[in-house]
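None of the figures in this text is laboratory data; all of them are computed from the coordinates on show. Predicted, not measured: the structure shown is a model, and the values here were computed from it. FYI the Cβ positions are ideal-geometry reconstructions off the backbone, even for glycines, and counts take in every protein chain you see.
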Ligand SMILES: Cc1cc2nc3c(=O)[nH]c(=O)nc-3n(C[C@H](O)[C@H](O)[C@H](O)COP(=O)(O)O)c2cc1C
């Protein structure tokens, strides 16, 4: 059975709470905080789910700053990656959930990135996380659309599971 790890960067706990929900959807999966994870710890996993909240104007959550250069150098042989990010589509409508784009940009071409998501049902003006008309991963808005979160996670997880052995 495929082994799944979730690595999250969270400043005030919203992304951590979502990461816990995603972990609960994958039996036997492991949760790591970007603040303290060692890239060596990620070696045994087949699917790596990387998540972060968006800070600044469309920026990546701070705990990823030190981690991403190390993740970029990982050997991804036999692995797949999926991405998620949190944002606030009302207050930051032109940079909604942009965080995951930084991880996408760093890993594109190095590993298969699965789990892109349609922008249907979201309300925002712009986001770097939209590439070729789709979010590069799962965008969530715990500030305004928290009532959508569980169903968005469920649909996404179902899609990811199609790629697992
Ligand atoms: C200083 C600051 C900057 C933010 N910038 C953005 C942004 O550019 N785009 C966005 O969608 N959300 C932005 N947000 C909203 C957060 O990403 C959102 O509230 C998220 O749920 C926080 O998750 P966390 O508690 O895991 O850090 C910002 C929040 C703060 C406090």
- Item | Normalised per residue, the volume of the convex hull around the Cα set of the stretch 93-146 (Å³) | 79 Å³
- Message: If you restrict to DSSP beta bridges whose two residues both lie in the chain, what percentage is antiparallel, to the nearest 5?
- Response: 20 percent
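Starting from the eigenvalues of the Cα gyration tensor, five times each then square-rooted, give me the equivalent ellipsoid semi-axes of the stretch 33-107, largest first, whole Å.
In descending order the semi-axes read 24, 12, 10 Å.
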- Volume per residue, Å³, of the convex hull around the alpha-carbon atoms of the chain? 101 Å³
- Message: Between 0 and 90 degrees, rounded to the nearest ten: what's the tilt of helix 14-25 against the longest Cα principal axis of the chain?
- Response: 50 degrees
- Return one number: the angle in degrees, 0 to 90 and rounded to the nearest 10, between the long axis of the Cα atoms of helix 146-161 and the longest principal axis of the Cα atoms of the chain. 30 degrees
- Taking other Cβ within 10 Å of each residue's Cβ, how do 1, 74, 100 sort, fewest first? 1, 74, 100
- Residue order, fewest to most surrounding Cβ atoms within 10 angstrom, among 76, 96, 26: 76, 26, 96
